[in-house]
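Please treat every number below as a calculation from the coordinates, not as lab data. Please read these numbers as outputs of a predicted model, since none were measured by experiment. Here the Cβ positions follow ideal geometry from the backbone for every residue, glycine too, while neighbour counts run over all protein chains shown.
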Amino acid sequence: MEDLLQSALETAAEEALGPVMPAANPVVFLAITSLGLAMALVYVPIRIYLTTTARSRRLRLLQKIRRLRDELST
């Protein structure tokens, strides 16, 4: 009975969504999840570092422009 129900559900899902993957391998899921987590752990600190250094460079450039403008106006 359970096999009949399972095959009926798979047939209905296949007709509605296309072929259904049989039993998903948990090792593949864990590998993809861990790779995504590793990418996030690398990306976030690099993004924060690049953002802060770009802002500090922009601030120094603006300060230099203001100083030159003040020197030229006096």
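Brief remarks on what is shown
- In this label model, A13 and R58 are separated by 4.8 nm, measuring between points 7 Å along each Cα→Cβ vector.
- Sum of -39500 (n - 2.57) over DSSP H runs of 4+, divided by residues of the chain (222 nm, nearest 500): -31500 deg cm²/dmol
- Magnitude of the charge dipole for region 24-74, about its Cα centre and with charges confined to Cβ atoms of Lys, Arg (+1) and Asp, Glu (-1), is about 400 debye.
- Crossing angle, helix 26-73 versus the chain [Cα axis fit, 0-90 degrees, rounded to tens]: 20 degrees
- If you wrap the Cα atoms of the chain in a convex hull and average its projected area over all directions, you get 9.5 nm².
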